[in-house]
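The values are calculated or read from the model by the stated rules, or taken from the named source; none is laboratory data. Computed from a prediction, not measured in an experiment: that's the story for all the values here. Positions of Cβ are backbone-derived with ideal geometry, glycine not excepted, and every protein chain shown enters the neighbour counts.
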Amino acid sequence: MQQKIVLIGGPGTGKSSVLNELIDRGHFCMPEISREVILEAQQKGIDQLFLSDPLLFSNMLLEGREKQYLKAHKEKKPFVFFDRGIPDVFAYLNFLESDYPEHFISKSKEYLYHKVFMLPPWQEIYTSDNERYESFEQAIAIHEHLTNAYQEIGYQIITVPFGSVKDRANYILNSLQSEL
């Protein structure tokens with residue numbers, strides 16, 4: 001049986017680097033789609049869609065993550081890794097103190113992951129760029145909202161310790177060995 005594994009954490013915690021390491025080791029991974037949505041909006045002249053229209057941005061993310069989840073069913077690998085999951089969408093809206101429709105939570109309960117690995121805020125590796133504009137303090141607050149959102153759905157969150165990218169990938173894979 002295939003297992004869907006999601007890596008979560010605030011911005012700049014090393015999720016994408018760990019997923020790239022997993023890809024290099026032959027695992028199938030679904031990339032973070034928010035950068036794609038942000039770049040698409042910027043090409044249309046909207047500098048920060050997440051801030052200017054958080055509900056539109058979040059609807060686009062929800063739709064994209066749902067498609068990723070459904071696409072994962074077609075993969076023949078025992079594990080499919082996701083760079084962020086569906087509950088991230090309402091967690092970020094909670095961070096912004098924005099209202100959102102109930103289907104953001106119902107979709108999170110409909111499309112469930114088998115394991116959730118949290119990469120915690122790590123100031124030594126945190127950087128910002130054109131798509132990541134949050135301060136480190138905001139990244140910590142987002143971390144708390146993510147934790148709350150996933151726990152609200154009923155997930156047990158596994159915290160990935162600080163370390164090299166290889167060590168962090170090893171930690172995740174070693175945690176999954178009993179699942180094979």
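Here are the numbers:
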| quantity | calculated |
| --- | --- |
| Hits in region 132-180 - residues which are closer than 13 Å to Phe117 by Cβ and in contact with an Asp or Glu (Cβ under 6 Å, 6 or more places away or on another chain) | Ala169 |
| In region 90-101, residue modelled with the lowest pLDDT [restricted to those that are over 17 Å from Gln151 (Cα atoms) and of a type outside the set (S, T, N, Q)] | Leu96 |
| Within region 1-37, tally of residues that are in contact with an Asp or Glu (Cβ under 6 Å, 6 or more places away or on another chain), over 24 Å from Leu112 (Cβ atoms) and buried (at least 21 other Cβ atoms within 10 Å of the Cβ) | 1 |
| Failed condition for Gly26, given (1) without any contact (Cβ under 8 Å) to a residue 40 or more places away in the chain; (2) under 14 Å from Arg84 (Cα atoms) | (2) |
| Every pair of residues 6+ apart whose Cβ atoms lie under 6 Å, when the first sits in region 91-118 and is under 13 Å from Pro54 (Cα atoms) while the second is at pLDDT 95 or above and small (Gly, Ala, Ser) | Ala91/Ala149 |
| Test: Thr127 is among the hydroxyl-bearing types (Ser, Thr, Tyr), modelled with pLDDT of 95 or more and surrounded by fewer than 19 Cβ atoms within 10 Å (Cβ to Cβ) | no |
| Options Ile38, Ile23; residue that is under 23 Å from Ala139 (Cα atoms) and among the hydrophobic types (A, V, I, L, M, F, W, C) | Ile38 |
| Candidate set: region 132-177, residues that are more than 25 Å from Gln3 (Cβ to Cβ) and among the small types (Gly, Ala, Ser); chosen: the one modelled with the highest pLDDT | Ala141 |
| Residue that is farthest from Gly9 (Cα to Cα), among those in region 149-180 that are more than 16 Å from the chain's Cα centre (by Cα) and hydrophobic (A, V, I, L, M, F, W, C) | Leu180 |
| Residues (more than 13 Å from Phe57 (Cα to Cα) and in a helix (DSSP H, G or I)) located in region 76-94 | Pro87, Ala91, Asn94 |
| Some residue of region 47-63 being closer than 18 Å to Cys29 by Cα, of a type in the set (Gly, Ala, Ser) and surrounded by 14 or more Cβ atoms within 10 Å (Cβ to Cβ) | no |
| Residue among Gly45, Gly12 that alone is in a loop (DSSP other than H, G, I, E, B), within 12 Å of the chain's Cα centre (by Cα) and closer than 28 Å to Glu97 by Cβ | Gly12 |
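Quick grid of which residues meet (1) over 25 Å from Ser178 (Cβ atoms); (2) of a type outside the set (A, V, I, L, M); (3) within 16 Å of the chain's Cα centre (by Cα):
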site	(1), (2), (3)
Ile33	yes, no, yes
Ser52	yes, yes, no
Glu66	yes, yes, yes
Arg84	no, yes, yes
Asp88	yes, yes, yes
Glu102	yes, yes, no
Ser108	yes, yes, yes
Phe117	no, yes, yes
